[in-house]
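Student: Okay, handing you the structure first.
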Amino acid sequence: MGIESTKISESQINDKLLCGVDIIAISNDWTGDPLSKTHLVRHLAKTNRILWLNALANRRPSLSQSDLARIGSKIRRFFEPVKQVENNIFVLNPLALPAYGNNFLIWLNQILLRTQISLALRRLKFRSPINLSFNPAAGLVARRLDESLLIYYCADEYTAFTDSIKGLAQLEERLFRKADIVIVTSRPLLESKQKLNKNIFLIPHGVDVKHFRHAIEPDLKMPDEIARIPRPIIGFHGLLADWIDFDLIRTIAINIPNASLVLIGKAANDTYDEIESLRLLPNVYILGRKAYSELPSYCKAFDVAINPFKLNQLTLAANPLKVREYLAAGKCVVSTNIPAVTELKYCYTANTHDEFIDLILKVLELRPDPLEISETVANDDWSTRVDTLRSIVSSVIAGNTNPGIESQD
């Protein structure tokens with residue numbers, strides 16, 4: 001099958017690339033925890049107008065209370081008008097069926113989405129927008145929105161998620177082949193996807209260095225609930241989902257009894273039993289989800305940060321956003337052997353549970369300068385990543401492409 005990619009003329013894009021243009025961003029829910037997409041869009045919104053489409057389904061909905069509540073919320077929000085949530089950012093809550101398993105369902109979803117999106121574009125007076133898709137299900141409307149440019153920003157091996165929805169792989173392949181530009185966030189993704197598009201580029205995740213560097217400031221007060229926990233603290237923040245190695249977390253807590261293991265983040269529905277089991281351990285503290293604005297004050301209490309991912313198709317292709325956030329906060333990181341983590345200074349990777357424990361103990365004995373650690377990601381700010389994206393767009397439009405290009409870490 002040939003690669004489908006429409007050549008974009010320079011006249012179709014503003015001379016200041018990705019400045020003063022209209023952009024459709026098909027992504028996750030705007031109200032969720034800030035992800036790479038959120039950070040990129042906020043930077044792009046400084047000079048562009050953005051229509052953000054709340055999540056199209058990537059996974060099979062269940063009959064769990066949270067999934068049913070989510071479905072109900074999505075139906076209610078469908079009746080809301082397009083809403084401005086920040087300067088230059090407008091949110092649309094499209095309604096589509098969470099099923100892509102046959103041609104009829106695909107056709108029906110295409111009509112539903114195209115109609116809703118087109119109405120929103122007319123209401124906002126968007127003209128020849130750039131389609132910046134972060135969601136593989138956006139393959140439903142790829143090249144159907146009169147977009148001047150189609151960019152697919154692929155941050156995960158989406159079809160490797162446990163509850164990936166039937167038909168998603170085919171939609172994502174369509175998106176890969178229709179895109180003018182594909183951005184991936186890790187080398188494994190680059191290697192596995194480059195056959196699908198000639199204009200594929202690597203841009204690793206960025207980090208809000210200024211935000212997380214607050215953790216280094218002497219005057220920043222730690223919240224009481226973590227300040228009173230005995231030190232040293234082995235800390236984690238992020239979603240507690242099925243890609244987390246809970247057996248490893250349990251092993252750490254049991255084998256380093258004089259340390260406190262602090263877990264910060266929302267727990268996915270299918271991790272309830274694992275979380276309840278960890279609560280029984282005397283040195284494990286599960287603090288729940290915290291606002292993004294509060295994370296530096298919690299990270300300040302960490303003596304070492306951990307990234308305890310299982311090793312599988314999903315995680316080996318991942319570029320964990322939290323790792324750069326830990327580093328920006330001045331914390332050394334111990335992780336399972338994730339390729340994107342091994343490239344970073346002050347990150348120590350382990351292949352076994354025993355190695356992981358040994359590395360934690362060694363890091364706890366180190367006393368590196370937190371500012372020195374933070375400086376290792378000083379050039380990885382999201383504004384730098386957006387500049388790299390602009391350079392790639394310019395290169396592709398000019399015909400001077402160099403697939404595999406990456407920003408400098």
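Where a number appears in this text, it was derived from the coordinates with a stated rule and is not lab data. Bear in mind that the values here come from a model prediction, so they are computed numbers and not experimental data. Counting neighbours? That spans all protein chains shown, and the Cβs are built from the backbone with ideal geometry, glycine included.
Student: Jot down the radius of gyration and Dmax of the chain, Cα atoms only, both in angstrom.
Tutor: Just the Cα atoms of the chain yield Rg and Dmax of 21.6, 64 Å.
Student: Show me 260-269, 109-118 ranked by packing, highest mean number of other Cβ atoms within 10 Å first.
Tutor: Put in order of decreasing packing, that is 260-269, 109-118.
Student: So who's got an amide H within less than 5 Å of the one on Phe309, skipping anything under 5 residues away but keeping other chains? H placed 1.01 Å off N, in plane.
Tutor: When sequence neighbours closer than 5 places are left aside, the close amide H contacts are Asp245, Thr336.
Student: Now, a different point. Which number do you get for Rg(Cα) / (2.2 N^0.38 Å) in the range 108-157?
Tutor: Against the compact-globule rule of thumb, the ratio is 1.15.
Student: Could you give me the ³J(HN,Hα) list for the range 311-320, computed from phi with Karplus coefficients 6.51, -1.76, 1.60 and θ = phi - 60°, whole Hz, x at Gly and Pro?
Tutor: Working through the residues one at a time gives 9, 7, 4, 5, 6, 5, 9, 7, 10, x Hz.
Student: What list of ³J(HN,Hα) couplings, whole Hz, do you get for the range 199-214 from phi and the Karplus terms 6.51, -1.76, 1.60, once you set θ to phi - 60° and write x for glycine and proline?
Tutor: 10, 10, 9, 9, 10, x, 4, x, 7, 7, 4, 4, 5, 6, 5, 4
Student: Let me ask something else about it. Which of the three applies to the range 209-375, rounded, prolate or oblate, going by the alpha-carbon gyration tensor with a ≥ b ≥ c and a/c under 1.5 meaning rounded?
Tutor: rounded
Student: Order these peptides, 221-228, 314-321, by their mean beta-carbon neighbour count within 10 angstrom, highest first.
Tutor: My ranking of the peptides, most packed first, is 314-321, 221-228.
Student: In vacuo Debye scattering of the range 201-265, one point per C-alpha: log10 I(q)/I(0) at q = 0.13 Å⁻¹?
Tutor: Debye curve over Cα of the range 201-265, log10 I(q)/I(0) at q = 0.13 Å⁻¹: -0.54.
Student: While we're looking at this one, here's another question. Could you tell me which helices of the chain pass both thresholds, a Cα extent of 30 Å or more along their own axis and a mean Kyte-Doolittle hydropathy of at least -1.0, with helices taken as whole DSSP H runs?
Tutor: Going by DSSP H runs, the hits are 103-124.
Student: Could you order the peptides 370-380, 174-184 from most to least packed, using the average number of other C-beta atoms within 10 Å per residue?
Tutor: Per-residue Cβ counts within 10 Å, averaged per peptide and sorted highest first, yield 174-184, 370-380.
Student: Would you mind telling me which residue in Asn135, Asn199, Asn255 has the biggest mean-square fluctuation in a Gaussian network model of the chain, where springs connect alpha carbons within a distance under 10 angstrom?
Tutor: Highest fluctuation of the listed residues: Asn255.
Student: Would you please give the residues with an amide H less than 5 Å from that of Leu56, counting only those at least 5 places away or on a separate chain, with H modeled from the backbone geometry?
Tutor: Ser27
Student: Here's another thing I want to ask about it. Scan around Ile165 for amide H atoms under 5 Å from its own, H built in the peptide plane at 1.01 Å from N, and keep only partners 5 or more places away or cross-chain.
Tutor: Placed amide hydrogens put Arg59, Arg60 under 5 Å from Ile165.
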